[in-house]
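First the structure, in the form of structure tokens, and then the observations on it.
What follows draws every value from the coordinates through simple rules; no lab data is involved. Being a predicted model, the structure only gives us computed values, none of them experimental. Note: ideal-geometry Cβ built from the backbone for every residue, glycine included; neighbour counts use all protein chains shown.
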Amino acid sequence: MDLEQIKELDKKYYFGVFGERMPVCFVRGEGCRLYDTEGREYTDFFGGIAVNVLGHGNARLKAALHAQVDAVVHTSSIYYIEQQARLAALLCENSCMDKAFFCNSGAEANEGAIKLALKYSYEKGEKRKKIVSAKNSFHGRTMYTLFATGQEKFHIPYAPLPADFVHIPYGDIGALFETVDGQTCAVLMETVQGEGGVIPASPGYMQAVRDACDKAGALLILDEIQTGLGRTGKLFSYMHYGMEPDIMTLAKALGGGVPIGAILAKQHAADAFKKGDHGSTFGGNPLACAAGIAVMEELLDTGVIENGAKMGGLLKASLEGLMQRLPAIKSVRGLGLMLGVELEESHKAADAARAMLEKGFVIGTAEENTLRLTPPLIITKAETHKMLEALEQVLSGSA
């Protein structure tokens, strides 16, 4: 089908929740390259919203998926699943966590983490209901995660809140200690606010979050759905901060494009879930976990994370150089290959992203005025330089 035929079907039959999409349909990918219905080539600096950490068509991931499809795709967690057990071991043995549970998405992972924290409080006989998260955060689109998201525009149609969610200014240590108290069940926090504009927390703030939780006897849930699996230059972003969460959530990069999410927890938190307290029909099935194993092995064995950290440093420094000579750029921020380019108010990120697409580069947005760059961790220096040249043309008006 050509693009116009696809657009016609989409308009007629698909929910309009994505509005007017970017005018392209990708049909093939290889490395950091994507190809559309007309055969045109693009360089991917968005990675499917930070999903495709290994790029497109990774040999290990493809081989694992082909082999698993040939063997068995689904059985259900009523039975033991080898791939599920192996992936749980890989994640726990390479993090500070003790137990894992698999689901199908980041929203499900955060929903399950909140549920686990509430059950933990119930099991202790405290029945705390207060969940503290940050303003401008984003944690998902299910009911619990929607209200955990610190953006009121998402709440209004679905009020009242299903639990006692309180939102505090991100980075404000005073507000943190004032709010996290003996009624607080858990604090849910991103180390880098992705949808909120790619805003990284300072080391001091994340340590304060840990201290506030310890003082109040609350659990710390880290949402690593976008920051996890090498995105920030380390396997998990908490490793930058010298502190550890009680519960951590993953998704996006974990399956390399195959839908899978995970709740990881330390033993004291994980023990709150008893038989029958949680479950999932599809979560952790053989196919999804085979993908997760391949991604983890590739990240651990091949130097992909190290390349991502190196290229992230190069890209950030280059963007800061562009900022010195382009009035359109207001700030550059982020960690590793999770970077945001905030534009002056006269420039709209969506317009710049569309102009970059026309030049053959796929980039994302966060908020109205921030470009979001989350390329595969295999991105090269040559690809980065070409993207920067195009971005300078777009933002200088010389495109």
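From helices alone, the chain scores -12000 deg cm²/dmol at 222 nm; the rule is -39500 (n - 2.57) for each run of n ≥ 4 DSSP H residues, then divide by the residue total. The longest stretch of the chain left intact once loop-based chymotrypsin sites (Phe, Trp or Tyr not before Pro) with at most 14 other Cβ atoms within 10 Å are removed from consideration, loops following DSSP, is 81-399.
Taking amide H atoms as placed 1.01 Å from N in the peptide plane, the amide H of Gln193 lies under 5 Å from those of Ile199, Ala201, each 5 or more residues away in sequence or on another chain. Computed over neighbours whose Cβ is under 14 Å from that of Glu345, the net charge equals -3, Lys and Arg +1, Asp and Glu -1.
Springs join every pair of Cα atoms under 10 Å in this Gaussian network model of the chain, and among Lys381, Lys119, Lys348 the largest mean-square fluctuation is at Lys381. Between Lys215 and Glu358, full extension at 0.36 nm per residue minus the direct alpha carbon distance yields a gain of 46.2 nm. Ordering His66, His139 by the number of other Cβ atoms within 10 Å of each residue's own Cβ, fewest first, gives His66, His139.
Give the residues of segment 95-114 whose amide nitrogen is closer than 18 Å to a point set 7 Å from the Cα of Ser76 in the direction of its Cβ. Within reach of a label on Ser76, which here means backbone N under 18 Å from a point 7 Å along Cα→Cβ, segment 95-114 contributes 102-104. Between Arg141 and Glu93, what FRET efficiency comes out of the Förster formula 1/(1 + (r/R0)^6) with R0 = 30 Å and r the beta carbon distance, rounded to 0.05? Efficiency at R0 = 30 Å is approximately 0.40.
So what's the angle, to the nearest 10 degrees on a 0 to 90 scale, between helix 304-325 and the longest Cα principal axis of the chain? The angle comes out at about 60 degrees.
Excluding Ala212 itself, calculate the net charge of residues whose Cβ lies under 10 Å from the Cβ of Ala212, where each Lys or Arg counts +1 and each Asp or Glu counts -1. Computed value for this residue: -2.
Full extension of the chain between Asp277 and Leu300 gives 5.0 nm of extra length, using 0.36 nm per residue less the Cα-Cα distance. Full extension of the chain between Glu123 and Glu8 yields a length gain of 36.1 nm, computed as 0.36 nm times the residue separation minus the alpha carbon distance. For the pair segment 258-307 and segment 73-141, the centres of their Cα atoms are 9 angstrom apart. Each of Glu345, Glu41, Glu123 has some number of other Cβ atoms within 10 Å of its Cβ, and from fewest to most they run Glu345, Glu41, Glu123.
Label-to-label distance, Lys62 versus Arg325, with points set 7 angstrom from Cα along the beta-carbon direction: 3.9 nm. Between segment 187-223 and segment 328-342, how far is it from one alpha carbon centroid to the other, in angstrom? Rounded to whole Å, the Cα centres lie 20 Å apart. A simple spin-label model places the labels of Ala350 and Lys153 0.9 nm from each other, with each point 7 Å out along Cα-to-Cβ. Label positions at Val166 and Val27, each projected 7 Å from the Cα along the C-beta direction, are separated by 5.5 nm.
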